[in-house]
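Down below is the structure, laid out as structure tokens.
The values are calculated or read from the model by the stated rules, or taken from the named source; none is laboratory data. None of the values given here were measured: they were computed from a predicted structure. Cβ coordinates were reconstructed from backbone atoms using ideal geometry, including for glycine residues, and neighbour counts include every protein chain displayed. For the accessible areas, the whole protein counts, side chains as well, though only heavy atoms, and no ligand, DNA or RNA atoms are used. Shrake-Rupley method; radii C 1.70, N 1.55, O 1.52, S 1.80 Å.
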Amino acid sequence: MIGLMLAPGVVHAQLEDPTRPVIDRPAFFDSKPYLELGGSYENLTNNYKPWDAQYLDVMLPMKQYGLLYTQVQNANRFDQSDQSVYANYAYPTHYGVINVEGGYTHNPFFLAKELYGAGWVGKLPQQFNYFLSARQSNYTDGDTVNQNIGLDKYIGDFRIAYLATYSTLNHQRSGWLSKYQVQWFGNNGNRLGLTYASGHEPTVVNIGNLTTIDTQQYQVDGIYWLSKQYGLTGALWHAKQGNFYQRNGVQVGFRVAF
């Protein structure tokens, strides 16, 4: 599900307005292709060294033939580096949007070695949309499964959304995570969003330590178009990772539409 399904590493890459209808398909399938280069930096507490990442995003909308999103990234954490690739293909139907995703990391230290999933975005009365999806991620130290259900609605230039995620770690119950989101969309393509997430989820908190933790995160993100072709994306966030550490992060990207 474009917009609420997140890429495996740089989860702050900026996605657009995925569900505003044009004929029988969301407007995003008719938007311009783009390429985005960017990076992120996170400062950690409790004497952990900072994290950083660099990414390349490519989005290729193909109208009635679907949409392809890909990401290549290099992530640095815990004095180690992982390189990953991720792809998500979405296809519009008269009743909703179906998508499949997959990712791979070669010889990973902290990212998932493999991930794959599928999702569905459907329509409800009163201009509500619902989300259903599942993802399995295989790490060096174990496997996780996320099952998601959510709702969103547009009110004028605003979108409000809720997503609930149930997770398992090595086939044992991990817990629930709730995510609340409000976004504003400008007529010129600019966007600003606020997100709050809280609950339990499996997380790699250090090399060789994949465990379930209490997590809480606040984030503001958006995109500002300098012209019809060039735009800047950005995000700021604060996250609490149980008793292990807190993370304060920033992401900046440069987007070129074609």
Next item on the list: Could you tell me the accessible area of VAL250 in Å² (1.4 Å probe, neighbours in place), rounded to the nearest ten?
Entry: 60
Item checked: Normalised alpha carbon radius of gyration of the chain [divisor 2.2 N^0.38 Å] -> 0.97
Item checked: Solvent-accessible heavy-atom area per residue, rounded to whole Å², over the chain at 1.4 Å -> 49
Next item on the list: Could you list the chymotrypsin sites (Phe, Trp or Tyr not before Pro) in region 18-120 that lie in coil according to DSSP, counting only those with at most 13 other Cβ atoms within 10 Å of their Cβ?
Entry: TYR95
Next item on the list: Quick one: dipole size for region 27-175, taken about the Cα centre, charges +1 on Lys/Arg Cβ and -1 on Asp/Glu Cβ, in debye to the nearest 20.
Entry: 420
Notebook entry, point to check: So for the chain, taking the charge dipole from beta-carbon charges (+1 Lys/Arg, -1 Asp/Glu), which of HIS200, ALA53, HIS94 sits furthest toward the positive end?
Noted result: HIS94
Check: In debye to the nearest 20, how big a dipole does region 105-258 give about its Cα centre with +1 on each Lys and Arg Cβ and -1 on each Asp and Glu Cβ?
Finding: 360
Notebook entry, point to check: Taking the Cα centre of the chain as the origin and placing charges on Cβ (Lys, Arg +1; Asp, Glu -1), which of TYR41, PHE28, GLN217 is farthest toward the positive end of the dipole?
Noted result: PHE28
Note to self: With +1 on the Cβ of every Lys and Arg and -1 on the Cβ of every Asp and Glu, and nothing else charged, how large is the dipole of the chain about its Cα centre, in debye rounded to the nearest 20?
What the structure shows: 440
Notebook entry, point to check: Hey, any idea what % of the chain's accessible area is carbon plus sulfur with a 1.4 Å probe?
Noted result: 59
Checklist line | Options TYR154, LEU124, GLN73, ranked by Cα towards positive dipole end of region 41-189, top entry (Cβ charges) | finding: LEU124
Check: In terms of Cα to Cα distance under 18 Å, which lysines are near enough to LYS49, apart from those fewer than 8 places away along the same chain?
Finding: LYS240
Check: Reachable lysines from LYS228, Cα under 19 Å, same-chain residues fewer than 8 places away excluded?
Finding: LYS32
Next item on the list: Would you mind pulling out the separation of the Cα centroids of region 83-126 and region 226-248, in Å?
Entry: 21
